[in-house]
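For reference, the structure is listed below as structure tokens.
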Amino acid sequence: MRGKKINKKFMGVLVGMLFLLLGGGHFLYKHFEQPKALANVDYSLLSDLDIVMGDAEAPITIIEYSSLTCGHCAHFHNEVLPKIKRRFIDTGKVRFIFKHFPLDQRAIDAAVVLSQVPKLRQAQTLARLFERQNHWISDQGHRALSEICQLDPQKCLQFIKNQEKVDAFLKSRLEAEKMMNINATPTFIVQGKVIPYAPTYEEIERLIEPNF
């Protein structure tokens, strides 16, 4: 599946001059038939914004750059990731790192609220956000997000309006663009290979299984 394109209007409003420095905020993506190599990936670099599943000592690391409003990302999390979790993450073979790459304002709202959920509940809450994606996206307020994340509605509103928290996610996204050349969601890095689309379980399995 191909990744979701960036909402240029949204990012132009929010990051203005930064986007001018990055070429006007116009990004493209390609769906490659085979993953492409990516050298020098430092898997030890984790952000406080990341959501990590699995054993820190697992021999294989999968990194996903994802937007909470991306339909292809939701498909992966609802249909593919549960199989990967059962087969590879829960058995200690894979560590899965979810990195936010918000494409629009609603994705930032959801990411900010999710970041306020206790760390031990974030992976479970992430799954619920993707399962109920259509529900909370269609609700232009914050109550659906507060319900899914099990947080007080008024506190959620305060989080969403907190510019410092919003800026943290924008900064993280811009760093991914500049340092890792991420330009669409979902994008995965598996064993040093970039997959710029939502892979099937079989594709992930083919990259992982030869290592065991």
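Count of region 157-175 residues, restricted to those that are open to solvent by 40 Å² or more (accessible area, probe 1.4 Å) and either of a type in the set (D, E, K, R) or touching a Gly at 6+ places or on another chain (Cβ under 7 Å) (or both), is 6. Of the listed requirements (1) loosely packed, with under 13 Cβ neighbours inside 10 Å; (2) modelled with pLDDT of 95 or more; (3) closer than 24 Å to residue 59 by Cβ, residue 211 misses just one: (2). All conditions in (1) open to solvent by less than 10 Å² (accessible area, probe 1.4 Å); (2) over 14 Å from residue 84 (Cβ atoms); (3) in a loop (DSSP other than H, G, I, E, B) hold for residue 199, with the sole exception of (2). Residues in region 162-174 that are among the charged types (D, E, K, R) and farther than 18 Å from residue 68 by Cβ: 1 in all. Checked against the criteria, residue 134 does not count as touching a helix residue (DSSP H, G or I) at 6+ places or on another chain (Cβ under 9 Å), open to solvent by 20 Å² or more (accessible area, probe 1.4 Å) and not in a helix (DSSP H, G or I). Screening residue 179 on (1) closer than 15 Å to residue 67 by Cβ; (2) surrounded by fewer than 15 Cβ atoms within 10 Å (Cβ to Cβ); (3) among the hydrophobic types (A, V, I, L, M, F, W, C) shows it passes everything except condition (1).
The values are calculated or read from the model by the stated rules, or taken from the named source; none is laboratory data. No experiment lies behind these values; they were computed from the predicted model shown. Methodologically, a virtual Cβ is constructed for each residue, glycine included, from the backbone with ideal geometry; neighbour enumeration extends over all protein chains shown. Surface areas here come from the heavy atoms of the whole protein model, side chains and all, with no ligands, DNA or RNA. Shrake-Rupley method; radii C 1.70, N 1.55, O 1.52, S 1.80 Å.
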